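The values are calculated or read from the model by the stated rules, or taken from the named source; none is laboratory data. The model shown is predicted, which means the values in this text are computed figures rather than measured ones. Here the Cβ is made from the backbone with ideal geometry for all residues, glycine too, and neighbour counts use every protein chain on show. Keep in mind that these areas ignore ligands, DNA and RNA; they rest on the heavy atoms of the full protein, side chains included. Shrake-Rupley method; radii C 1.70, N 1.55, O 1.52, S 1.80 Å.
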Amino acid sequence: MREPQMCNVVCMLKLDAKTTKAFKEKIDDEYRVNMILDNLPLVVPIKRVDQDSTVYQLGFHVGLKGQYSGSKEEKFFIHNHLAFTVKYHRDSLTESARIVGFEVKPFSVKHEYEGKWDDKTRLTTCDPHAKHTVVNSNTPQEVEEGKEIIFTYDVEFQESDVKWASRWDAYLLMNDDQIHWFSIVNSCMIVLFLSGMVAMIMLRTLYRDISKYNELETQEEAQEETGWKLVHGDVFRPPNNSDLLCVYVGTGVQFFGMILVTMLFAVLGFLSPSNRGGLMTAMLLLFVFMGLFAGYASARLYKMFKGSEWKKISLRTAIMFPATVSAIFFVLNGLIWGQKSSGAVPFGTMFALIFLWFGISVPLVFVGGYIGFRKPAIENPVKTNKIPRQIPEQAWYMNPAFSVLIGGILPFGAVFIELFFILTSIWLNQFYYIFGFLFLVFVILVITCAEITIVLCYFQLCSEDYLWWWRSYLTSGSSALYLFLYATFYFFTKLEITKLVSAILYFGYMLIASYAFFVVTGTIGFYACFWFTRLIYSSVKID
């Protein structure tokens, strides 16, 4: 610590065909070398000419491609000399110092020496005795079979005013806060527009409808009922595949709880990027413990649909979503493993995940299911007729497929700008830390999903179509389809992925993310509609 080093030789490597090919591939694919010192990642400072500011690139490139002046042939050069700068903050009382910055400038240098190579050989290109150090890459080191590469480094210590507590600030410096504010304003406009529509429906139309329905009518008038009151005898009829709906709603509640608690922790600063892997660990553990609410929600709904086998529904809730995600994850992990990548999840971790799932999550879902089923069934505000009513022919714009696809556009529109930053942080190796913005966007997403589903549900009931259960789930859930389409667009416009396995990984992980998004947004829409229909049908007098 605080002892500068100059031209330290690490090793000398003579390139064979295999190593040359490996280096060239890594340089071609723009691989970066990442290092950590005292939990700080290594960065390359890059000056921005246009804004007179410095941005930090995580890790340094293995090498670069280029041509000698006057030649058109492309050559590969390796970064074999690293000039490290370690910044420290000195404690004025104890004289001890703490590391607050870790930077590097990589150079490609064709090192030279006299005589035969051994441990005591002195370089002529980089010699601390002659105070001759590397300052540029004018004579770069080529990557060619049979060539010798000598790896060296310097370490310079610089005192810094940055305190240890705020040493991460430079890493998290973002120059595009305006875009996030634009995202929030854009999303708020969507919410205001939808809130206006919901308010209009609730106050004007519904108030008029309810007061009209509740007036003492003559027998003739009563026979001329129109609109949503007509379907009161069928609106709470259990839907087809009601068991599956219960499972999806339970899973959605589990996911919603996980996201909400994770975000609250993140906003309060407990999940900083400096705590490596903290966010992922928190999400997994919270998902497991939220199994209690999943079982409770699915069993309550199941009992309302007159179901009797609560254990069966609890088991399906505990198994279905995690099994689907695990199947995709195992395939993807197998592909990474086949590539001999260090990114593969080891078997020990896999075993731990399976233990969390079957050892903690499944029992908790059963406990939740038992508690939920013991509660009295939710009473419907109106009685259901024995014989289902015939649904009249619908206008083209009330076609289920059309209204479901239309319903997903606005929730996606409310979040897609923030989505760009999330994708960039995941796939382009940048830190994502603006959880305050993310929490705001999440709140806006919840409101948008609820409002668009209520609006479309009201129009549906007015046109005497009472099959709202599944449609309410799919209306806001269809935003996941737009999310996946956007991820595909992002892949082709922003990422330069050429390898097949990398492309499969990208689409595999984005499929899991879209599926999770579908479950969350669908559940929000479903509960909004459930509340809305119960509210309006409990407000009218029905003979």
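Consider region 127-161. How many of its residues are among the aliphatic types (A, V, I, L, M), closer than 30 Å to ARG98 by Cβ and surrounded by 14 or more Cβ atoms within 10 Å (Cβ to Cβ)?
Taking region 127-161 first, the residues among the aliphatic types (A, V, I, L, M) are 130, 134-135, 143, 149-150, 155.
Okay, now just the ones that are also closer than 30 Å to ARG98 by Cβ, so 134-135, 155.
Narrowing further to those that are surrounded by 14 or more Cβ atoms within 10 Å (Cβ to Cβ): 134, 155.
Here the count works out to 2.
Out of curiosity, is LEU511 of a type in the set (A, V, I, L, M), in contact (Cβ under 8 Å) with a residue 12 or more places away in the chain and in contact with a Phe, Trp or Tyr (Cβ under 6 Å, 6 or more places away or on another chain)? Talk me through it step by step, then tell me what you get.
Values: of a type in the set (A, V, I, L, M): yes; in contact (Cβ under 8 Å) with a residue 12 or more places away in the chain: yes; in contact with a Phe, Trp or Tyr (Cβ under 6 Å, 6 or more places away or on another chain): no.
No.
Taking the criterion of being under 30 Å from LEU42 (Cβ atoms) and more than 20 Å from the chain's Cα centre (by Cα), would at least one residue in region 320-335 satisfy it?
yes
Just need a number here: residues in region 316-330 that are aliphatic (A, V, I, L, M) and out of contact with any helix residue (DSSP H, G or I) (no Cβ under 6 Å at 6 or more places or on another chain).
Within region 316-330, the subset aliphatic (A, V, I, L, M) is 318-320, 323, 325, 327-328.
Checking the rest, the ones that are also out of contact with any helix residue (DSSP H, G or I) (no Cβ under 6 Å at 6 or more places or on another chain) come to 319, 323, 327.
The number of residues fulfilling the criteria is 3.
Being in a helix (DSSP H, G or I) and basic (Lys, Arg) is the filter; apply it to region 307-347 and report the residue that is surrounded by the most Cβ atoms within 10 Å (Cβ to Cβ).
ARG316
Spot the failing condition for ILE409; the list is (1) of a type in the set (Val, Ile, Thr); (2) in contact with a Ser or Thr (Cβ under 9 Å, 6 or more places away or on another chain); (3) open to solvent by less than 50 Å² (accessible area, probe 1.4 Å), and only one is missed.
All conditions pass for ILE409, except number (3).
Being under 21 Å from the mean Cα position of the chain (by Cα) and either polar (S, T, N, Q) or in a loop (DSSP other than H, G, I, E, B) (or both), is that true of even one residue in region 434-444? First the steps, then the outcome.
First, pick out the residues of region 434-444 that are under 21 Å from the mean Cα position of the chain (by Cα): 434-444.
Pick out the ones that are also either polar (S, T, N, Q) or in a loop (DSSP other than H, G, I, E, B) (or both) and you get 434.
Looking through region 434-444, at least one residue is under 21 Å from the mean Cα position of the chain (by Cα) and either polar (S, T, N, Q) or in a loop (DSSP other than H, G, I, E, B) (or both).
Can you tell me which condition THR152 does not meet? The list is (1) in a loop (DSSP other than H, G, I, E, B); (2) in contact with a His (Cβ under 6 Å, 6 or more places away or on another chain); (3) in contact (Cβ under 8 Å) with a residue 40 or more places away in the chain, and all the others hold.
Among (1) in a loop (DSSP other than H, G, I, E, B); (2) in contact with a His (Cβ under 6 Å, 6 or more places away or on another chain); (3) in contact (Cβ under 8 Å) with a residue 40 or more places away in the chain, the lone unmet condition for THR152 is (1).
Going through ILE497, ILE524 one at a time, which residue ends up being assigned to a loop (DSSP other than H, G, I, E, B) and either closer than 19 Å to ALA323 by Cα or out of contact with any Phe, Trp or Tyr (no Cβ under 6 Å at 6 or more places or on another chain) (or both)?
On the way: ILE524 fails: assigned to a loop (DSSP other than H, G, I, E, B).
Every option except ILE497 fails the conditions.
Taking the criterion of being under 36 Å from the mean Cα position of the chain (by Cα) and open to solvent by 40 Å² or more (accessible area, probe 1.4 Å), would at least one residue in region 109-117 satisfy it?
no
Out of everything in region 348-385 that is basic (Lys, Arg) and not in a helix (DSSP H, G or I), what residue ends up being nearest to PHE236 (Cα to Cα)? Please lay out each step first, then the result.
Restricting attention to region 348-385, the residues satisfying the condition of being basic (Lys, Arg) are 374-375, 383.
After this cut, where a residue has to be not in a helix (DSSP H, G or I) as well, the list is 375, 383.
Working: LYS375: 19, LYS383: 8 Å.
Only one residue tops the list, namely LYS383.
What are the residues in region 22-48 that are β-branched (Val, Ile, Thr) and farther than 27 Å from TYR88 by Cα, if any? Break it down stepwise before answering.
The first filter runs over region 22-48 and keeps only residues β-branched (Val, Ile, Thr), leaving 27, 33, 36, 43-44, 46.
Listed by number, the list holds a single entry, ILE27.
Take region 9-52 and flag every residue that is loosely packed, with under 14 Cβ neighbours inside 10 Å and either in contact with a helix residue (DSSP H, G or I) (Cβ under 8 Å, 6 or more places away or on another chain) or of a type in the set (Lys, Arg) (or both).
LYS14, LYS18, LYS21, LYS47, ARG48
Would you tally the residues in region 431-450 being at pLDDT below 85 and surrounded by fewer than 16 Cβ atoms within 10 Å (Cβ to Cβ)?
Adding up the residues that qualify gives 1.
For region 455-479, what are the residues that are in contact with a Phe, Trp or Tyr (Cβ under 6 Å, 6 or more places away or on another chain) and open to solvent by 10 Å² or more (accessible area, probe 1.4 Å)?
Once the filter is applied, which keeps residues that are in contact with a Phe, Trp or Tyr (Cβ under 6 Å, 6 or more places away or on another chain) and open to solvent by 10 Å² or more (accessible area, probe 1.4 Å), region 455-479 yields only CYS462.
Can you spot a residue in region 8-27 that is within 30 Å of the chain's Cα centre (by Cα) and touching a residue at least 40 places away in the same chain (Cβ under 8 Å)?
yes
For THR281, are the conditions met, namely being among the β-branched types (Val, Ile, Thr) and free of Cβ contacts under 8 Å to residues at least 24 places away in the same chain?
Details: among the β-branched types (Val, Ile, Thr): yes; free of Cβ contacts under 8 Å to residues at least 24 places away in the same chain: yes.
Criteria met by THR281.
I'm trying to understand the selection: among the residues of region 386-408, which are among the small types (Gly, Ala, Ser) and either touching a Pro at 6+ places or on another chain (Cβ under 7 Å) or in a loop (DSSP other than H, G, I, E, B) (or both)?
Narrowing region 386-408 to residues among the small types (Gly, Ala, Ser): 395, 401, 403, 407-408.
Result: ALA395, GLY408.
Got at least one residue in region 530-541 being in a helix (DSSP H, G or I), under 22 Å from VAL415 (Cα atoms), in contact (Cβ under 8 Å) with a residue 40 or more places away in the chain and not acidic (Asp, Glu)? I'd like the intermediate steps shown before the answer.
As a first pass, look at region 530-541 and keep what is in a helix (DSSP H, G or I): 530-537.
Applying the additional criterion that residues be under 22 Å from VAL415 (Cα atoms) yields none.
No, that holds for no residue.
Tell me, which residue of region 482-520 that is closer than 11 Å to ILE328 by Cβ and of a type in the set (Phe, Trp, Tyr) is most open to solvent (accessible area, probe 1.4 Å)?
The residue in question is TYR509.
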